Each structure stands twice: as C-alpha cells, then as structure tokens.
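First comes the structure, then the notes that go with it.
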Amino acid sequence: MSQLDPLKSTIGGFAVHQACTRPDDVFCIFLALGGAVKEITYDELLSGALRYARTYDELQVPSGGVIIIILKHSLDLYFAFLGAILSQRIPSILAFPSIKQDPALYWRDHQQLFCRIGASVLVTYAENLPIISRKVGTLDLAVVTPEQVLSAEPRQPDQGCIDQIAFLQHSSGTTGLKKGVALSHGAVLRQVAAYNEVIRLGDGDRIVSWLPLYHDMGLIACFISPLVLGVPIVVMDPFEWSVDPLMLLDAMERYRGTHAWLPNFAFMHLARAASATDRRYRLEHVRAFINCSEPCKPESFDEFLRAFGEAGITADKLQVCYAMAETVFGVSQTALSEPARSVVADRGSLADGRFVPCPPSKSGRRLLSAGAPIPGVEVRVVSDDGRVLGEDEVGEVAVRGPFLFSGYFRQPEETAKKLRDGWYYTGDLGFSHSSECYVLGRKDDVLILNGRNYYAHDIEFFAAQVAGVKAGRVAAIDLFNRAQGSQEIVVLAETLLSDPSCCDPIIGAVRRHLMSALGTSVRVVLVPSGWIVKTTSGKMSRKENARKYLESTLPGMYEVL
C-alpha cells in the first residue's frame, strides 16, 4: 500500500472495503479461553461492528461522543471499537481490572478519567455493574453490555472524514492519570502506509498476537494495520499467554504465523518457558519477532536465540521498533533483512551523557539499535536547554512527521508541554549513531547516584536475572538516606521464598550481579509475591512503590528525591 485510495480514506472505509470485496476471507482466528477456536470473516467483523453502532444510536450517543470499552479478551472488543468508528463516535479501549490491581485505586483513577474526557458510554460486562454503580454512579454514563447488543440489527456505516478524531489511545505512563492521545483517521492511515514501506506486510503474511488492545502495539500493529492491509491475525488472551507463554509459538507454528510484536520482557519469558519443557518447534517460516515498547536488551535476544535457534530462529529474525502512541505507532524500525545493529558503550561516558565506544580491554554496556526513522519521520536529540545535539550525545528524543497525534484530548496545557513548533518531545533519552536511533529510557526513570545517571529499567532487568527473584516484579527507586546523608538506589524485588533465612544469598547475588552489569552498588529489599505495584496497563509504578516502601520503613529514614 504505497498510496491511500481516497475512496477508502478512513479506518471505517477500509473495514467496509474489505467486507465488500472479500467478505468470506478470514480477518481473525480467535483463540478463546480453554482452547476454543473461532474464525471471523471480514463480513462478520463488519456486521458485529454495525450492531454496536445501532446500539450507540439507540442510546442517542452524539456524534463525536467518547465510548469507553473495558472488556476481557473477546470478539466484542473488536466489534465495539469498530462500531464506534463506523458511527462517527470516538472509542477508547482501557485495561480490564485484574486481580493484581487494587480495585479501589483502579476505579478511582477511571472515574477521574471518565469525567475529564466526558465519556458518554461504557461498554463492559454485567458483572461490573454493581461496582460501577458504587464507584462511578455519579457520572452521566450509560453502560452497555455485550448481551444487550446481540439482538441489535446492523445499521448502515458512516465512514466519517479523514481529519476527524478516529479514537483515543490512552498512553500507559507510569505516573499520573493516563492521557488520551487523540488520533485522526489520516494520521493512523499515513502511519500504516509509512511503516509498511519498511516491514512490507503482504500476501502470505499472518500476524500472531497476545497483546492487549489498550496498548498501541496491540491496537495498531496487531489490529488496525492488518485490517487496513488485509493481513489475517491470530489472537489470544493476554492473561492466558502470561501463564502459558509458549502458546504464542504453538499458534505461530500451527497457523504459519510470520510476524509477532513483543515487549522486551516477553522474549525472556518465552526463553525461560522453553527451558522448562521438551517441546520442539519448526519456525523457519517466521519473518520477524519485533521487540518494541520497552528499551530493548541484547541479552534478551541472546537468550531467545539460545532457546529457539534449533527451531529455525536466526539473528536476522529478531528486530527492534521504537514506537509510541503519540506518533500512532512506529518512529523507527530495524531492517528486516539483517540482524539488528548493536554497539558496546563505555559505561562511564554513557552515564555522563555521551556514547563512546568501549575499548576491548574494558567491560561496557551493549545497546541495541532501534533502527532508522521510518519514511516521513524526523528525529532529533535535544538538551535540557533546547539545543539540538550532535551524533552520540545523549538527550531527549524529539520527533515530527505526518502522523503526529492531534493533542491530548481536552488537555491543552499537557499538549502545549509536549508539542512545540511541530515537534513532539517524547520524554525518552537516547542518541543517534550512524543514522540510527538508540533509546536508553525515560527521563522520569533516570536514577542519579554519585552524580551519574542510571536507568531504572536496566537495574530492574538485571536484578530479575538472579535465581529466586520473580521475573517482571522488580522496582528500582531513588531515595535520599537521611542517616547516611547521601542518595541511594533501592531495589524492591519480589520473591516466592517464604523462609527469611534463604533471602541473604539472593540479596547478595542481586548486588553482585548489578555491580558486574552496571558498575553500581544498591540496597536490595526482598518483598513477598504480589507486593509490587503496577499501573492499570501493567507498567511499573515506581512512584507508588516508593510511597509504599517509605510507609514500611522507619519514619524519617528516607525522603523522596
């Protein structure tokens, strides 16, 4: 798709086009809980969406009204979302509450969000109605359940126009209330076209995904892009995948999947799962596993290759994408025909704000490239005082291009902070090297110790490699120790061990591993399973973990930096 057909210039237009020209072709192979499989054609997708559109009509939701969707893994996620678009309403998918989240905190934050964006309708299950009536009952918010929609007659689609807001993607930040990224039809379709110039999805390709649709990687790469391009998808439940990660590879093998987008932790999760089984795979047909949404670690690729090299996975099939909701999705992408590039950085220089290649005689930090900017995107790196920095200098990444978001929905002040003179200031730190992007982490995630910068996600990643530490359940926080009169990095790590006498060896191992990997000393605190706090979208909430830790320590021992 090198050019967009003006007759199909909205997301809804493409959905209608697919249903009219190839009604019986499979849009989605839906893997339901318990192993049930259901194939959905483009015609069935459109019919399901238009039943939701009719239901929104009956509720008299105004054109441009916001429809919030909070559903588990189900076909209704796709129908409810696309039905809003096809009736010129604005959908937004939010994370379904999980057992790992505090229900009071979840509904408090969402009540504030519903109020701020002026939501008209909430699509969710009947089981949620009692708590909704208690927590958000004061809002003028109609509730729709999937059961209500079953008997609705499909209505005629309204395709809208290219400059209208198509949907809100609520950015999954680690601090504060999530911001609604407003994306127009035109921005989304220009992104799909530009990104596909690099990855070249086409006939014979099939995307396999466990990714939740409230995240831009799941929504854009594994729903909207395939819908527009006519590439079938195979989808599974995110919670079921987390328990049995190899079901992704089972599906890729069974359905001849060619592409999967994964956050960095998923590569490690899959590799660990493979070590505990004798299951063998044939994956020579796979074109790319694309590492995205988190700073990508070469160590994760190493583990993945060790686990699945015999299955036909080679280095050139492991790729990296730098993406964000504010640019719809991809900013940069490595070339699919060759292994992702990497460099080894001198640790001290990197902590001081500059990439310098590490001499062979020293141990440095390996960094993965996120590739070159995709067509139409400009990337620059700027200092705190706004100076444009040169190659190899570390600063904030700023981007501009033809598919920037329209702003944060009903938040002009937040929009003005991040969108300046046509550039979006990402809040990510990184540098450019040989015309490719290297992303180090969020500015908010920088921990300062003895005047040097360390990245919380690096500390968490390496701490989680130690046996006895629960993967994905580590938080690194930066505190001032009043008694010592100095800054201190505290690593909070969940463990499944119940015997305190077994904890000291784990603590010592974490400290040694971090000293070896990053050259820094930390305080390690082991906490029980379930202690760590994450956001509603599953990201580490370091602010909440710091607050929780401060409440559990001696009064006055620490203060937040």
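In the range 50-67, is there at least one residue being surrounded by 14 or more Cβ atoms within 10 Å (Cβ to Cβ), assigned by TED's automatic domain parsing to the domain that holds N196 and within 20 Å of V235 (Cα to Cα)?
No, the range 50-67 has no match at all.
Pick out, from the range 189-303, the helices (runs of 4 or more DSSP H) lying fully within it that include 2 or more residues that are in contact with a Gly (Cβ under 8 Å, 6 or more places away or on another chain).
The helices (runs of 4 or more DSSP H) meeting that bar are 264-275.
Filter the range 56-73 for residues that are assigned to a helix (DSSP H, G or I) and either under 22 Å from H185 (Cβ atoms) or hydrophobic (A, V, I, L, M, F, W, C) (or both) and give the result.
Y56, D57
Select from the range 254-281 the residues that are modelled with pLDDT of 95 or more, of a type outside the set (A, V, I, L, M, F, W, C) and under 23 Å from S225 (Cβ atoms) and list them in ascending order.
Scanning the range 254-281 gives R254, Y255, R256, G257, T258, H259.
Residues of the range 404-418 being among the basic types (K, R), part of a helix (DSSP H, G or I) and over 21 Å from the mean Cα position of the chain (by Cα), which ones?
The one that is among the basic types (K, R), part of a helix (DSSP H, G or I) and over 21 Å from the mean Cα position of the chain (by Cα): K417.
Of I489, I506, which residue is surrounded by 15 or more Cβ atoms within 10 Å (Cβ to Cβ), assigned by TED's automatic domain parsing to the domain that holds K534 and under 30 Å from V381 (Cα atoms)?
Details: I506 fails: under 30 Å from V381 (Cα atoms).
Result: I489 is the single residue among I489, I506 that is surrounded by 15 or more Cβ atoms within 10 Å (Cβ to Cβ), assigned by TED's automatic domain parsing to the domain that holds K534 and under 30 Å from V381 (Cα atoms).
For (1) in contact with a strand residue (DSSP E or B) (Cβ under 8 Å, 6 or more places away or on another chain); (2) at pLDDT 95 or above; (3) at negative phi; (4) crowded, with 24+ Cβ neighbours inside 10 Å, each residue gets a yes or a no:
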site: L177; (1), (2), (3), (4): no, no, yes, no
site: V192; (1), (2), (3), (4): no, yes, yes, yes
site: N196; (1), (2), (3), (4): no, yes, yes, no
site: L213; (1), (2), (3), (4): yes, yes, yes, yes
site: G218; (1), (2), (3), (4): yes, yes, yes, no
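Consider the range 424-445. How many of its residues are assigned to a strand (DSSP E or B) and within 22 Å of the chain's Cα centre (by Cα)?
Matching residues across the range 424-445 total 15.
Is it fair to say L449 is among the aliphatic types (A, V, I, L, M), over 30 Å from H185 (Cα atoms) and surrounded by fewer than 19 Cβ atoms within 10 Å (Cβ to Cβ)?
Working: among the aliphatic types (A, V, I, L, M): yes; over 30 Å from H185 (Cα atoms): yes; surrounded by fewer than 19 Cβ atoms within 10 Å (Cβ to Cβ): yes.
In short, yes.
Find all pairs meeting these conditions: Cβ atoms under 9 angstrom apart; at least six residues apart or on different chains; first residue within the range 112-132 and within 18 Å of L77 (Cβ to Cβ) and not assigned by TED's automatic domain parsing to the domain that holds F409; second residue small (G, A, S) and assigned to a helix (DSSP H, G or I).
From residues that are within 18 Å of L77 (Cβ to Cβ) and not assigned by TED's automatic domain parsing to the domain that holds F409, the pairs are V121/A84; V123/A80; V123/A84.
Residues are listed down the side, and each one gets a yes or a no for (1) surrounded by fewer than 18 Cβ atoms within 10 Å (Cβ to Cβ); (2) closer than 16 Å to A15 by Cβ:
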residue	(1), (2)
Q88	no, yes
A95	no, no
C115	yes, no
L129	yes, no
Q148	yes, no
P157	no, yes
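Return yes or no: is C296 in contact with a Leu (Cβ under 7 Å, 6 or more places away or on another chain), touching a residue at least 24 places away in the same chain (Cβ under 8 Å), more than 30 Å from T10 (Cα to Cα) and not assigned by TED's automatic domain parsing to the domain that holds F461? Please lay out each step first, then the result.
Details: in contact with a Leu (Cβ under 7 Å, 6 or more places away or on another chain): yes; touching a residue at least 24 places away in the same chain (Cβ under 8 Å): yes; more than 30 Å from T10 (Cα to Cα): yes; not assigned by TED's automatic domain parsing to the domain that holds F461: yes.
In short, yes.
If F308 meets every condition in (1) surrounded by fewer than 23 Cβ atoms within 10 Å (Cβ to Cβ); (2) touching a helix residue (DSSP H, G or I) at 6+ places or on another chain (Cβ under 8 Å) apart from one, which number is that one?
(1)
What number of residues within the range 202-217 are farther than 18 Å from Y42 by Cα and touching a helix residue (DSSP H, G or I) at 6+ places or on another chain (Cβ under 8 Å)?
The number of residues fulfilling the criteria is 6.
Residue check: is L367 closer than 24 Å to F462 by Cα and either surrounded by fewer than 24 Cβ atoms within 10 Å (Cβ to Cβ) or at pLDDT below 95 (or both)?
yes
All but one of (1) touching a helix residue (DSSP H, G or I) at 6+ places or on another chain (Cβ under 9 Å); (2) within 20 Å of L31 (Cα to Cα); (3) buried (at least 23 other Cβ atoms within 10 Å of the Cβ) hold for A251, so report the exception by its number.
Result: A251 passes all but (1).
The values are calculated or read from the model by the stated rules, or taken from the named source; none is laboratory data. Quick caveat: nothing in here was measured; it's all calculated off a predicted structure. Cβ coordinates were reconstructed from backbone atoms using ideal geometry, including for glycine residues, and neighbour counts include every protein chain displayed.
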